[in-house]
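Q: Supplied in structure tokens, the structure appears directly below.
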Amino acid sequence: MDPSISLSKLSPPFSLSRQLSRRPQPPRFSPIFPRKPPSISHRPNLAIAAAVPLSNDDFVLEDVPHLTNFLPDLPSYPNPLQKSQAYSIVKRTFVSPDDVVAENVVIQKESPRGVHFRRAGPREKVYFMPEEVRACVVTCGGLCPGINTVIREIVCGLNNMYGVQDILGIEGGYKGFYSKNTMILNPKVVGDIHKRGGTFLCTSRGGHDTHKIVDNIEDRKINQEVKKRGLQVAVAGIPKTIDNDIAVIDKSFGFDTAVEEAQRAINAAHVEVESVENGVGIVKLMGRYSAEGAGQEYVAAEMHATDKKDASGNKLLLDVGPWLSDKIKVGDLTVSLNDHFTMFRKVPVNMKYIDPTYMIRAIPSNASDNIYCTLLAHGAVHGAMAGYTGFTVGPVNSKQAYIPIASTPNI
């Protein structure tokens, strides 16, 4: 899955702990984020506490939950960025609660205005006192270029923008919460990790035992969940997949780097096949239901398919690359490439098969992705400090927005 953050309060005056991590809570409005006029309707995301849909469907706000939905008396504080020299030169420092981003920018004249999302960015009010906060960051799932940049910018954003000093890294994915694998993070510790591939915190698939995680989070005063325990919780996720298959957002981080690196393998295959007679090149790239995940029905017809899943719950796919290569080499493919060579010209196929998938996902992110990862990380920090929860952040039509996790099933 994705990097996520957690915040908790360390001392009085409040008895409920505070945190910032990654699962959705119910949508509704707070006094700071008032109800929209009747021309806006709100889609409820979860049954925990649904927003009341208004009558006019011309303009739909796919809203994200807020902590005040279930903690209505939660106090707010002035955003520390008001005193930041870096932000003082900006004419409009804070995002208005009325700012939204349209999912579709091209519509017909008489058609509805459609779905919109809350614009990402710093708010004038926050719901966490920086000196009372403990934060944590966890990474889960497979590797992708840019994870370390996201970790670095979450830590630097919390520390440099909001003054949060107490930040923990959860090692080894979700199970790190209850196996007590943690490290102290600060800007110096993460200073150069964006130059490395992989994840500085290590990762794993599965291990999401909610009860164990919440028990341990509560013990440590990190408090990543849950409304039903009466904990004050803000949940923010940053979507991570090298496949670029997350609904709504323009692209996932690391994708530009992956495409850039994939060109090396494609160019190598091209050189190989141009240098021999009857050369045919195949390069297998990542993609759960495209590229590496393509043609599963054809492979399954000849190989032993199972319904097994990995620890994250993803169906284990058969390897289409070697299957396709063999079909072309032995002349048993529906598209009779081999027949063209062997039947009509009596020459063999010179097959070149390259699988660079794990090499691609393990490299550091390029400059473009580093900038993108910074925007995502800072957007998540701003949203969580502003009290939003159960959201992911990403660009919608090139504008950073907060999207309910419940609306993005691929996350």
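Read-outs: derived from the displayed coordinates by stated rules, not from any lab. Just so it is clear, the structure is predicted and the values come from calculations on it, not from any experiment. Here Cβ is always computed from backbone atoms with ideal geometry, including for glycine, and neighbour counts include all displayed protein chains.
Q: What order, most packed first, do the peptides 317-327, 271-281, 106-116 have when packing is the mean number of other Cβ atoms within 10 Å of each residue?
A: 317-327, 271-281, 106-116
Q: Within 10 Å, count the other beta carbons around each residue, average over each peptide in 160-172, 389-401, 66-78, and list them highest first.
A: Final packing ranking: 389-401, 160-172, 66-78.
Q: Separate question: Would you mind getting me the FRET efficiency between GLU131 and GLU110? Use the beta-carbon distance for r and R0 = 51 Å, nearest 0.05.
A: So the FRET efficiency works out to roughly 0.40.
Q: Remind me, what semi-axes does region 82-131 give for its equivalent ellipsoid, largest first in whole Å, using sqrt of 5 times each Cα gyration tensor eigenvalue?
A: 32, 13, 7
Q: Mind scanning LYS212/LYS399; LYS195/LYS251; LYS109/LYS240 and naming the pairs with a C-alpha gap bigger than 30 Å?
A: In this structure, LYS212/LYS399; LYS109/LYS240 lie more than 30 Å apart at Cα.
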